Every structure is written in structure tokens, then in C-alpha cells.
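The values are calculated or read from the model by the stated rules, or taken from the named source; none is laboratory data. From a predicted model like this one, the values you see are computed outputs, not experimental measurements. Here the Cβ positions follow ideal geometry from the backbone for every residue, glycine too, while neighbour counts run over all protein chains shown.
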Amino acid sequence: MKRVGLPLWIVSALLYAFLYAPIVVVIVFSFNAARYGGPWQGFTTKWYGVLLDSPEKLLAAKNTFILAFTSTMIATILGTLLGYGLSRYDFPGKKLFSWLMYIPVVIPDIVMAVAMLMFYALVRDSLGLFPLGMMTMVLSHVTFQIPFVAIVVRSRMVGMDPAIEEAAHDLGATSLQTFWYVTLPLLLPAVVAGAMLAFTLSLDDFVVSFFTTGPGATTLPILIYSSVKRGITPDINALSTLIVLVSVVGTIVATLLQRPRRTQGER
Amino acid sequence: MKKAQPTRAIRYGELLTRGGQRLRSAMTSGWGIAWVTLFLLVPLLGIAWISFMTRGTYGEIQWPATFANYQRLLGFGVLGFDSQYPTIILRSLVLGGGATLVCLIAALPLSFFIAGQPEGRKQIALTLVVIPFWTNLLIRTYAWQILLGQDSVLARLAVGLGLAEVGRPLYPSAFAVYIGMLCAYLPFLVLPLYTAVEKLDWSIAEAAADLGANRVQVFRHAILPQLLPGMVAGILLVFIPAIGQFVIPDLLGGAKTVMLGNAIQQQFGPSRDWPFGSAIAFVGMAVVMLGLWINTRVTAAKGEEGML
């Protein structure tokens with residue numbers, strides 16, 4: 001039906017190049033010996049050494065991973081239950097709530113961030129809860145992660161054969177046993193994929209963290225932002241290269257985990 | 001048009017009453033719904049409420065309730081018409097719309113390219129579009145500072161082609177913001193558009209061609225209408241986050257590219273005028289909801305499942 005002609009090849013190649021140019025330039029410049037960026041002055045790995053010597057950056061890396069792990073754990077449990085519950089049971093107002101679940105997915109992140117910031121500030125002023133810091137960041141991240149996990153789990157639920165669970169019940173398993181020994185193992189690829197998605201979202205998040213963080217709880221994206229505001233340095237490029245590496249490998253693993261069991265009709 | 005629900009139903013091998021279903025919903029979905037309600041829905045309603053409050057001398061939130069924040073957004077200044085905020089709203093719509101258009105123009109050939117690949121390569125071509133999307137937006141954005149900087153290859157190329165003045169960096173500028181937006185949001189448009197291209201019924205295009213339509217006419221009348229639902233979904237996926245963008249105009253633009261997101265940050269950060277910041281955020285949210293509503297209408301009219 002359709003052949004890919006030469007002009008289309010050229011345009012597409014340029015667009016691919018365009019998409020990868022920023023990633024490539026960051027990686028290349030992380031090995032550039034020039035101190036203040038600028039033209040190429042020879043290959044070096046010393047910026048990676050500088051990185052390891054900086055307690056500020058190591059702390060930010062630690063914070064980022066603690067934040068991502070904690071929030072992903074909570075969001076995966078809540079999101080899986082949510083995705084399962086929404087596709088299995090009816091309750092009044094289900095349609096409204098299913099729709100509300102998409103708010104974190106579609107809302108501009110800055111609106112979400114300032115709404116949360118203000119909520120924490122007001123609750124702190126009146127109840128003394130929620131001092132800004134790691135805790136508030138975890139709460140916020142879980143909030144935007146839950147729907148993504150739920151969406152992935154729910155789409156897997158839709159493609160699942162109900163006969164398997166029916167068989168478990170017919171053979172005398174209780175609801176809890178069925179969920180634990182039958183449904184959950186079947187859902188596992190989706191749960192893992194959802195968790196990885198949530199983890200990447202947390203690692204990548206800048207805006208929500210930026211507004212809901214407090215003293216001493218800097219994450220890598222916040223650190224990169226404030227450094228870039230002062231001027232790009234080679235060690236920031238080195239840091240970014242490592243982050244890019246982690247997210248690309250993570251994405252590929254997540255994709256591979258999700259793919260083999262997927263059938264054609266599924267989304 | 002509600003169907004009468006039976007009081008008891010067999011759900012996946014279990015006989016459940018309506019109450020039983022509700023209990024199970026509470027035990028499963030309940031936690032997540034409660035969490036999102038408390039930490040997002042309540043705060044969003046809080047924003048709506050605070051946008052009608054007044055800023056105190058030290059940035060605190062005070063009564064009386066007022067429309068002043070919205071009046072200020074619409075340009076009612078102390079000394080008559082003040083164009084600052086109407087300009088920002090307008091600019092967000094123009095920059096967001098422009099970025100969407102640029103993405104659409106780029107996504108069209110790319111979608112046809114991917115769909116035209118042999119079966120084995122299709123998945124690879126698609127994954128290659130998605131991978132950059134999974135790397136941190138902040139990093140991809142600041143990288144354009146390097147790519148568009150004064151001594152960069154691109155800047156020299158632009159000078160060589162007579163597109164830019166010597167020694168003048170390509171950023172900060174509206175151009176750089178468009179580049180950043182295209183880089184950030186192209187995958188958002190390619191994915192739904194590619195799906196639409198995959199589903200294209202080419203026999204309609206062939207029929208149009210047989211009936212004497214030229215290539216432009218074939219595209220306009222036989223192909224474009226089929227792509228429309230995918231296009232609308234993609235356009236919203238780009239336009240909605242684009243108008244709320246804060247990082248891209250912040251790092252690649254200047255004072256002339258301040259958008260809604262930057263104005264919100266200004267009010268919640270340095271200016272510490274939370275009621276006014278809330279009003280801007282609320283307007284941003286309203287635009288998003290409007291967009292989603294349009295999407296629901298379009299997909300409902302088409303009788304298809306929504307993009308979500």
C-alpha cells in the first residue's frame with residue numbers, strides 16, 4: 001500500500017537526529033576536557049571523578065532514590081488494588097471516580113505542585129503536620145504515581161480470562177486466596193511494569209519535587225535545575241549522562257517485561 | 001438511561017450482593033481513591049477557594065473574599081488597563097498552540113514513516129521515538145542551551161545561512177522555546193497519530209485517486225478525515241502540558257516568553273502572592289478541563305472509546 005520514499009526517509013532521519021541531539025550532546029560534553037563547556041578540548045573522565053567527590057551530589061542522588069523507592073512501593077500497592085478494584089467491582093460514583101483518577105495524568109504538573117504546596121502549608125499552619133521535606137515529596141509522588149500503576153494494571157485485567165478465577169472459586173478457594181494465588185500472579189507483569197513506570201516518573205520529576213521539597217531534601221533534578229540556572233558545568237553533564245543511562249536501561253527493561261505476554265488486541 | 005441493577009450478581013465465579021461489591025471496592029479501590037482525593041482533589045479545591053482570597057502584607061492568605069485576582073488577570077489594573085497578565089494568557093495559548101502545530105507538522109511524516117516500515121522494524125522505529133521521551137525533560141531542555149549557544153554548530157550554521165546575526169546566540173528566544181517544546185512533545189503526537197495511520201483504509205485513498213483526485217486532494221479528503229480522531233487526541237496530549245510548561249520557557253526563553261507556568265511559579269515563589277498564583281493556576285486548570293471536554297465530545301461523536 002505505502003512505500004517509504006527517499007524524501008520521507010530524509011525527513012524522518014532528521015527528526016530522529018533532532019530527538020537524540022540533546023541526549024548525545026550532554027553525553028559528549030560530559031567527556032569534554034574544557035572546564036566551562038565550549039568547544040571540544042580532548043577526552044577526559046575526570047568529571048565523573050568530580051561527581052563522586054561531591055557530597056552534595058551524592059546526597060541528592062541518595063535522596064532521589066529513597067524518594068523513588070518509597071513512593072513507588074506505596075503507589076504500586078495502592079495502584080494495583082485500585083486497578084483491580086475498578087475493573088472488578090461496582091460501587092456508586094464509580095464512573096466519576098474513574099474519571100477523577102485521570103486528573104494527575106492530564107493536569108499541568110505545576111498546577112498540581114502548587115496545589116499540594118499550599119495544602120501542606122495550610123495543614124502545617126493549622127495542625128502542625130507535614131513539614132516540607134522528604135515526607136511531603138513522598139506523599140506528592142505517590143499521588144501522581146497511583147493512577148499510572150492503576151491504568152497499567154487495569155488494562156491487563158481487561159485482557160485476562162475470567163474463567164481462570166472462576167475455576168479457582170469453583171475449586172473452593174476463598175476470594176482472598178483467589179486474589180493472592182491466582183489473580184496477583186497473573187497480574188504480576190503488569191504490576192512490575194506499572195512499578196517501573198512509577199519509578200521512572202519519580203526519578204524524572206522536577207516540578208512537583210521543586211515545590212514540595214524542604215530544606216535538606218534536594219533531589220537530582222532540583223540540583224540540576226539550580227546548577228543550570230548558574231551555568232552549565234561539565235560535572236552536571238556527567239551527572240545527567242548517568243541519569244539518562246539509568247532511565248534508558250530502565251525503560252528498555254520495562255518494555256521487555258511487558259511485551260512477551262501481550263496479545264495483539266491489547267492496548 | 002440507567003439499567004436496573006440486579007441485587008446479586010456473579011462476578012468471576014463469586015456470588016456477590018451489591019453491598020458485598022461495595023465492601024470489596026472499599027477494600028481495594030478505596031485506599032487509592034482516598035489518597036488521591038486527600039492529596040490532590042482537596043488541594044485543587046483549595047486552590048479554587050484561595051483564588052478568591054486576599055494577599056496579606058507578609059504574603060499570608062486573608063479575607064475578604066474578592067474577585068480582584070481574576071480582575072487583575074483580565075487586565076483591570078490600579079491605573080486602568082494593565083496588559084501584563086492578559087498578554088501572558090494569550091501568549092501561553094499562542095506558544096502552546098504554535099508548539100502543537102509544529103509537533104503536528106513533524107509527527108505526520110514520522111508516523112507515515114514508522115507505519116511504512118516492514119513488520120520487524122516497526123517496533124524498533126516506534127521505540128526509538130519513545131526512548132528520548134523517557135529521559136529527563138530538564139536534561140533534554142538544558143542540552144538545547146548548549147546546542148543553540150553562541151559557538152555551537154547550529155548557531156554557526158544559522159549565521160552561515162543568513163538566518164541569524166553574527167555573535168547573537170539562538171537562545172533565549174521564542175524560537176528556542178519552540179525547539180524545546182518540539183523535542184519534549186513530539187512523541188506525544190507520534191504515538192496516537194501512528195496508531196491512526198496503521199488503521200488507515202487505503203482503498204478510500206485509491207478510490208479517490210482513481211476518481212481523479214490529485215495528491216493534495218487525496219490527502220485532504222481521503223486520508224485526513226481518517227486521521228482526525230488520533231490527531232485530536234495527540235493535539236490535546238501536546239497542547240495541555242505545553243500551555244502549563246514551566247521548565248522550557250524558563251530555561252530557553254526570556255522575559256518575552258513568560259507563560260502561565262512561569263507566572264504561577266513567580267507568584268508562589270518570589271512574589272509570594274498565593275491567592276493570585278491560585279487564580280492563574282485555576283485558569284490553567286480550566287483550560288485543561290475545557291480541552292478534555294472537547295476530546296470527550298469528539299470521541300463520543302465518533303462512537304469510540306476516549307483517549308483515556
Going through the range A:105-135 one residue at a time, which ones are more than 10 Å from every other protein chain (Cβ to nearest Cβ) and charged (D, E, K, R)?
A:124
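Return yes or no: is residue A:234 at pLDDT below 85 and buried (at least 22 other Cβ atoms within 10 Å of the Cβ)?
On the way: at pLDDT below 85: yes; buried (at least 22 other Cβ atoms within 10 Å of the Cβ): yes.
Criteria met by residue A:234.
Taking the conditions exactly as written (surrounded by fewer than 18 Cβ atoms within 10 Å (Cβ to Cβ), free of Cβ contacts under 8 Å to residues at least 60 places away in the same chain and in a loop (DSSP other than H, G, I, E, B)), does residue A:40 satisfy them or not? Write out each step before concluding.
Values: surrounded by fewer than 18 Cβ atoms within 10 Å (Cβ to Cβ): yes; free of Cβ contacts under 8 Å to residues at least 60 places away in the same chain: yes; in a loop (DSSP other than H, G, I, E, B): yes.
Judged against the criteria, residue A:40 is a match.
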Meets criteria (under 30 Å from residue A:160 (Cβ atoms) and modelled with pLDDT of 90 or more) for residue A:82:
yes
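This table checks each residue for (1) part of a helix (DSSP H, G or I); (2) of a type in the set (Phe, Trp, Tyr); (3) within 30 Å of residue B:29 (Cβ to Cβ).
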site	(1), (2), (3)
A:20	yes, yes, no
A:49	yes, no, no
A:59	yes, no, no
A:62	yes, no, no
A:74	yes, no, yes
A:83	yes, no, yes
A:87	yes, no, yes
A:90	no, no, yes
A:110	yes, no, yes
In the range A:76-102, the residues that are in contact (Cβ under 8 Å) with a residue 24 or more places away in the chain and facing chain B (nearest Cβ under 7 Å):
A:78, A:79, A:82, A:84, A:86, A:88, A:101, A:102
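Considering only residues that are in a loop (DSSP other than H, G, I, E, B), surrounded by fewer than 21 Cβ atoms within 10 Å (Cβ to Cβ) and small (Gly, Ala, Ser), look in the range B:42-68 and name the one that is farthest from the other protein chains (Cβ to nearest Cβ).
By that ranking, first place goes to B:65.
Out of the residues in the range A:67-91 that are aromatic (Phe, Trp, Tyr) and touching a helix residue (DSSP H, G or I) at 6+ places or on another chain (Cβ under 7 Å), state the one that is nearest to residue A:218 (Cα to Cα). Give the steps one after another, and end with the answer.
First pass over the range A:67-91, keeping only residues aromatic (Phe, Trp, Tyr): A:69, A:84, A:89, A:91.
Okay, now just the ones that are also touching a helix residue (DSSP H, G or I) at 6+ places or on another chain (Cβ under 7 Å), so A:84, A:89, A:91.
Numbers: A:84: 35, A:89: 41, A:91: 41 Å.
Residue satisfying both the conditions and the ranking: A:84.
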Restricting attention to the range A:171-191, does a residue exist that is within 12 Å of chain B (Cβ to nearest Cβ), over 26 Å from residue B:30 (Cα atoms) and either assigned to a helix (DSSP H, G or I) or modelled with pLDDT under 85 (or both)?
yes
Counting only residues that are more than 10 Å from every other protein chain (Cβ to nearest Cβ) and over 16 Å from residue B:192 (Cα atoms), the range B:103-147 contains a total of 4
Among the residues of the range A:213-226, write down those that are at the interface with chain B (Cβ under 10 Å from one of its Cβ atoms) and either modelled with pLDDT under 85 or under 17 Å from the mean Cα position of the chain (by Cα) (or both).
A:220, A:221, A:222
Of the residues that make up the range A:227-239, is at least one farther than 30 Å from residue A:34 by Cβ and either more than 21 Å from the chain's Cα centre (by Cα) or within 12 Å of chain B (Cβ to nearest Cβ) (or both)?
no
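What residue, among those in the range B:1-41 that are in a strand (DSSP E or B) and surrounded by 16 or more Cβ atoms within 10 Å (Cβ to Cβ), is modelled with the lowest pLDDT?
Filtering the range B:1-41 for residues in a strand (DSSP E or B) gives B:8-11, B:14-17.
If we keep only those that are surrounded by 16 or more Cβ atoms within 10 Å (Cβ to Cβ) as well, we get B:11, B:14, B:16.
Numbers: B:11: 68, B:14: 72, B:16: 75.
Looking at residues that are in a strand (DSSP E or B) and surrounded by 16 or more Cβ atoms within 10 Å (Cβ to Cβ), I get B:11.
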Could you please find all residues in the range A:207-223 being surrounded by 23 or more Cβ atoms within 10 Å (Cβ to Cβ) and hydrophobic (A, V, I, L, M, F, W, C)?
A:207, A:208, A:210, A:211, A:220
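Would you tally the residues in the range B:186-221 being assigned to a helix (DSSP H, G or I), without any contact (Cβ under 8 Å) to a residue 60 or more places away in the chain and over 22 Å from the mean Cα position of the chain (by Cα)? Talk me through it step by step, then tell me what you get.
The first filter runs over the range B:186-221 and keeps only residues assigned to a helix (DSSP H, G or I), leaving B:186-198, B:202-210, B:215-221.
Going one step further and asking which of them are without any contact (Cβ under 8 Å) to a residue 60 or more places away in the chain, we end up with B:187, B:195, B:202-210, B:215-221.
From what is left, the residues that are over 22 Å from the mean Cα position of the chain (by Cα) are B:202-210, B:215-221.
Looking only at that region, the number is 16.
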Residue A:141 being at the interface with chain B (Cβ under 7 Å from one of its Cβ atoms) and in a helix (DSSP H, G or I):
no
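Please state which one of A:193, A:113 is touching a Lys or Arg at 6+ places or on another chain (Cβ under 9 Å) and either in contact (Cβ under 8 Å) with a residue 40 or more places away in the chain or surrounded by 21 or more Cβ atoms within 10 Å (Cβ to Cβ) (or both). Please lay out each step first, then the result.
On the way: A:113 fails: touching a Lys or Arg at 6+ places or on another chain (Cβ under 9 Å).
Of A:193, A:113, the one residue that is touching a Lys or Arg at 6+ places or on another chain (Cβ under 9 Å) and either in contact (Cβ under 8 Å) with a residue 40 or more places away in the chain or surrounded by 21 or more Cβ atoms within 10 Å (Cβ to Cβ) (or both) is A:193.
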Could you name every one of the helices (runs of 4 or more DSSP H) located completely within the range B:228-308 that has at least 3 residues being at the interface with chain A (Cβ under 9 Å from one of its Cβ atoms) and at pLDDT below 85?
B:274-302
